[in-house]
1. Assigned to a helix (DSSP H, G or I) and surrounded by fewer than 16 Cβ atoms within 10 Å (Cβ to Cβ): which single residue out of 94, 140 fits that description?
2. Testing residue 24 on (1) surrounded by 12 or more Cβ atoms within 10 Å (Cβ to Cβ); (2) more than 29 Å from the chain's Cα centre (by Cα); (3) modelled with pLDDT of 70 or more, one condition comes back false. Which one is that?
3. When you look at residue 96, is it closer than 21 Å to residue 198 by Cβ and in contact with a helix residue (DSSP H, G or I) (Cβ under 9 Å, 6 or more places away or on another chain), yes or no?
4. Need the failing condition index for residue 52 against (1) closer than 30 Å to residue 258 by Cα; (2) loosely packed, with under 13 Cβ neighbours inside 10 Å; (3) modelled with pLDDT under 90, just the number.
5. Those residues that are surrounded by fewer than 17 Cβ atoms within 10 Å (Cβ to Cβ) and in a helix (DSSP H, G or I), I need them from segment 104-113; list them, please.
6. Every residue in segment 117-133 that is buried (at least 16 other Cβ atoms within 10 Å of the Cβ) and more than 17 Å from residue 83 (Cβ to Cβ), please.
7. State which residue is nearest to residue 144 (Cα to Cα) when the search covers only segment 54-91 and only residues that are more than 15 Å from the chain's Cα centre (by Cα) and not in a helix (DSSP H, G or I).
């Protein structure tokens, strides 16, 4: 046993509630692990202490992501009275955290369902002063979900859209609204009631990137299913070879497609 092996085993126990139950309970899986010295150390810790540590880890993990990925909604909380970080204190979310597999898609989806309900429930007064409110909630929830879907880049011989990327359509010009929120400018919405279409992608470097999506980008992204060559994609989108390769390269750079060119 090394300090690193004990550290890695402890992290696995803390981040995965189902695995933690197997290790702590007297079950076949625990017996099979009995010859590993790490388990003997961990099983000396009380179940309550491990549960409390696991809850602390899960809460810290998702607090960081809520603060980072819902920063625009949190910036508006003095006007709306709704801060998604407060959802972590609700009894419903406490149950989710206690049964979390930290970083998994399912736990993220369970948490996002609670946050989305909290932000959108009885929001008519909010929409009177911020008519783009639901678009903004949809945008930030999408960012959170896509980050949870982020996957390692696999070597693909043909361009294939990533599970951690999506094209989303909005009634409002969200990039302009977000730019105003970010710079603390006076938010004049009269000229921002313009539909926008965005390509949102979670990169491997912990960033979620958003680009305005042209019709050409949409055609290429939706057609890139891992079965078409660059030439076939070019013909489908009606673009030049150079333009096709440039756009595919840009989408690859932000993690929207996987492709070993």
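The values are calculated or read from the model by the stated rules, or taken from the named source; none is laboratory data. Everything numeric here is computed off the predicted structure, so don't read it as measured data. Every residue, glycine as well, gets a Cβ built from its backbone with ideal geometry; the counts of neighbours run over all protein chains shown.
1. Testing whether each residue is assigned to a helix (DSSP H, G or I) and surrounded by fewer than 16 Cβ atoms within 10 Å (Cβ to Cβ) leaves just 94.
2. For residue 24, the failing item is (3).
3. No: the conditions fail for residue 96.
4. Result: residue 52 passes all but (1).
5. Result: 105, 106, 109, 113.
6. 132
7. My answer is 83.
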